[in-house]
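Participant: Once you've had a glance at the structure underneath, I'll fire off some questions.
The values are calculated or read from the model by the stated rules, or taken from the named source; none is laboratory data. Every value quoted in this text rests on a predicted model; they were computed, and no experiment measured them. Virtual Cβ from ideal backbone geometry, glycine too; neighbours counted across all protein chains shown.
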Amino acid sequence: MLVTGTTGFKGSWLAFWLQQLGAKVIGVSLKPERDAILFNNLELKKRIKQYFLDIRNFKKLNYIVKKEKPDIIFHLAAQSIVSESFKNPLSTFQTNVLGSTNILECYRINNISKLVFITSDKCYLNLDKNKNYKETDILGGLDNYSSSKASAELIFSSYFNSYFKNKDYLSTVSARAGNVIGGGDMKINRIVPDIIKSLFNNESLILRNPKATRPWQHVLEPLSGYLLLGHKILHKKLNNRLLPSWNFGPETKNCKSVGEISRKVINSWGKINHRIKIDKKNLYHESKLLSLNIQKAKKELKWQPRLDLKDTVKFTVDWYKNYLNDQDMVKFTKEQIQEYLDN
Ligand SMILES: NC(=O)c1ccc[n+]([C@@H]2O[C@H](COP(=O)([O-])OP(=O)(O)OC[C@H]3O[C@@H](n4cnc5c(N)ncnc54)[C@H](O)[C@@H]3O)[C@@H](O)[C@H]2O)c1
């Protein structure tokens with residue numbers, strides 16, 4: 001199996017989980033960033049066969065895909081930070097749109113038989129209407145990051161309809177998930193890493209958009225959806241009358257504002273008087289409300305979220321606390337995956 005984005009937050013968890021399930025995992029990503037604590041602490045360099053390469057480089061990517069001939073590709077590599085997409089639009093589009101097109105093309109010309117193509121809930125045209133987005137809703141983006149994800153989905157749709165449609169079963173799918181939290185994410189300008197760093201350094205937490213509402217879910221929730229999709233397409237279990245795109249989000253009651261989730265994380269950490277400040281120099285557009293309709297995944301995949309918001313926050317805070325207390329994170333992460341499955 002080939003996973004792209006294995007040095008990132010979701011890709012590290014996915015590669016680790018797949019390896020625990022007994023899969024031979026081939027990883028493709030850029031070199032780990034300085035604070036990629038998951039890739040290092042989950043010992044992925046020795047658990048998977050890792051290639052450090054840029055997916056914008058078609059020739060090198062194609063060489064690896066041709067050489068490894070994986071039975072399935074999980075594509076997660078992306079420039080995933082909204083603020084970064086404002087600073088560096090060109091490289092964001094190059095990675096998220098052209099890099100993702102390179103993945104589709106390598107998949108096509110090497111006759112790889114299965115693909116799970118991960119994008120984002122931000123691929124939907126969000127006009128701040130109070131609605132849950134369905135897989136059939138219109139794609140679009142009012143900012144660079146959202147447009148890059150909508151564009152990746154449009155190109156996915158074009159490849160799907162041109163090359164991968166006429167089979168009895170689905171083999172090529174895209175997955176759209178919302179705001180993911182969980183242990184080990186250290187990326188700047190993401191809410192949980194920002195909170196953990198401010199708690200650890202005993203500094204006020206700065207929030208940009210405290211009123212923005214997001215569908216918070218633990219990282220294991222969408223990953224369980226991607227794995228289920230992968231399993232079903234590998235075993236030819238999804239009829240081709242189904243559209244290839246799938247939403248994975250929490251129950252509506254998990255949709256809370258950035259301010260509320262921050263308070264919950266702070267309280268769960270045990271520092272209830274920790275100070276929060278609002279950044280009024282908020283320069284770029286972010287949608288106020290975003291939530292996903294997950295009826296299709298529930299009905300067709302029998303997938304459903306396992307953790308309520310309290311456990312989502314607890315799983316997240318427990319991971320960072322154990323990490324900061326120098327615990328064995330391979331053991332802890334294995335146990336947390338098991339605890340998730342027992343829910
Ligand atoms: N984390 C979230 O809350 C969230 C929410 C919705 C969607 N997503 C999407 O899920 C996917 C994974 O997200 P994440 O949180 O793990 O992101 P991340 O930023 O933590 O990791 C990104 C990964 O992609 C790799 N990458 C980036 N540019 C690359 C390039 N040019 N060539 C090769 N590899 C490259 C990085 O090396 C890293 O391994 C992304 O597509 C992201 O947009 C994430």
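Participant: From the list Lys10, Lys46, Lys66, Lys60, exactly one residue is farther than 20 Å from Ser171 by Cβ, assigned to a helix (DSSP H, G or I) and more than 13 Å from the ligand (Cβ to nearest atom). Which is it? First the steps, then the outcome.
Facilitator: On the way: Lys10 fails: more than 13 Å from the ligand (Cβ to nearest atom); Lys66 fails: farther than 20 Å from Ser171 by Cβ; Lys60 fails: more than 13 Å from the ligand (Cβ to nearest atom).
Unique residue meeting the criteria: Lys46.
Participant: What is the one condition in (1) closer than 20 Å to Lys114 by Cβ; (2) near the ligand (Cβ under 10 Å from one of its atoms); (3) of a type outside the set (S, T, N, Q) that Leu21 does not satisfy?
Facilitator: (2)
Participant: Let me ask another. Please go through the range 116-144 and give me each residue that is hydroxyl-bearing (Ser, Thr, Tyr), surrounded by 22 or more Cβ atoms within 10 Å (Cβ to Cβ) and not in a strand (DSSP E or B), ordered by number.
Facilitator: The initial filter retains those residues of the range 116-144 that are hydroxyl-bearing (Ser, Thr, Tyr), namely 119-120, 124, 133, 136.
Okay, now just the ones that are also surrounded by 22 or more Cβ atoms within 10 Å (Cβ to Cβ), so 119-120, 124, 133.
The answer is Thr119, Ser120.
Participant: So, one more: Of the residues Leu53, Leu90, only one is free of Cβ contacts under 8 Å to residues at least 40 places away in the same chain, of a type in the set (A, V, I, L, M) and near the ligand (Cβ under 7 Å from one of its atoms); which? Walk me through it before giving the result.
Facilitator: Working: Leu90 fails: near the ligand (Cβ under 7 Å from one of its atoms).
Exactly one residue qualifies, and that residue is Leu53.
Participant: Within the range 121-141, restricting attention to residues that are polar (S, T, N, Q) and either more than 16 Å from the ligand (Cβ to nearest atom) or out of contact with any Phe, Trp or Tyr (no Cβ under 8 Å at 6 or more places or on another chain) (or both), which residue is modelled with the lowest pLDDT?
Facilitator: First, pick out the residues of the range 121-141 that are polar (S, T, N, Q): 126, 130, 132, 136.
Remaining after also requiring either more than 16 Å from the ligand (Cβ to nearest atom) or out of contact with any Phe, Trp or Tyr (no Cβ under 8 Å at 6 or more places or on another chain) (or both): 130, 132, 136.
Working: Asn130: 74, Asn132: 88, Thr136: 96.
Looking at the filtered set, the residue picked out is Asn130.
Participant: Something else about it: Name the one entry in Ser80, Ser100, Ser113 that is assigned to a helix (DSSP H, G or I) and either more than 11 Å from the ligand (Cβ to nearest atom) or of a type outside the set (A, V, I, L, M, F, W, C) (or both). Please lay out each step first, then the result.
Facilitator: Working: Ser80 fails: assigned to a helix (DSSP H, G or I); Ser113 fails: assigned to a helix (DSSP H, G or I).
Only one candidate passes the filter, namely Ser100.
Participant: Here's a follow-up. Do the conditions hold for Lys60, that is, is it among the charged types (D, E, K, R) and either over 24 Å from Ser148 (Cβ atoms) or touching a residue at least 12 places away in the same chain (Cβ under 8 Å) (or both)? Can you show your working first?
Facilitator: Working: among the charged types (D, E, K, R): yes; either over 24 Å from Ser148 (Cβ atoms) or touching a residue at least 12 places away in the same chain (Cβ under 8 Å) (or both): no.
So Lys60 does not fit the description; no.
Participant: Follow-up. Please name all residue pairs, on different chains or six or more residues apart, with Cβ atoms under 8 Å, provided the first residue is in the range 116-135 and is in contact (Cβ under 8 Å) with a residue 40 or more places away in the chain and the second residue is basic (Lys, Arg) and more than 9 Å from the ligand (Cβ to nearest atom).
Facilitator: Asp128/Lys288; Lys134/Lys296; Glu135/Lys296
Participant: Turning to a different aspect of this structure: When the range 235-270 is examined, which residues are found to be in contact (Cβ under 8 Å) with a residue 60 or more places away in the chain and among the hydroxyl-bearing types (Ser, Thr, Tyr)?
Facilitator: Result: Ser245, Thr252, Ser262.
Participant: If you don't mind, there's one more thing I want to ask. Could you say which residue among His231, His235, His218 is buried (at least 18 other Cβ atoms within 10 Å of the Cβ) and either modelled with pLDDT of 95 or more or not small (Gly, Ala, Ser) (or both)?
Facilitator: Answer to the selection: His218.
Participant: Taking the range 269-302 as the search range and keeping residues that are within 20 Å of Asp318 (Cβ to Cβ) and surrounded by fewer than 16 Cβ atoms within 10 Å (Cβ to Cβ), which one is modelled with the lowest pLDDT? Even if it seems obvious, please write down each step before you answer.
Facilitator: Here is the first cut: in the range 269-302, the ones within 20 Å of Asp318 (Cβ to Cβ) are 269-272, 274.
Next, from what is left, pick out any that are surrounded by fewer than 16 Cβ atoms within 10 Å (Cβ to Cβ): 270-272.
Values: Gly270: 92, Lys271: 88, Ile272: 84.
The qualifying residue modelled with the lowest pLDDT is Ile272.
Participant: Restricting to the range 24-39, name every residue that is in a loop (DSSP other than H, G, I, E, B) and near the ligand (Cβ under 9 Å from one of its atoms).
Facilitator: Within the range 24-39, Leu30, Lys31, Pro32, Glu33, Ala36 meet the criteria.
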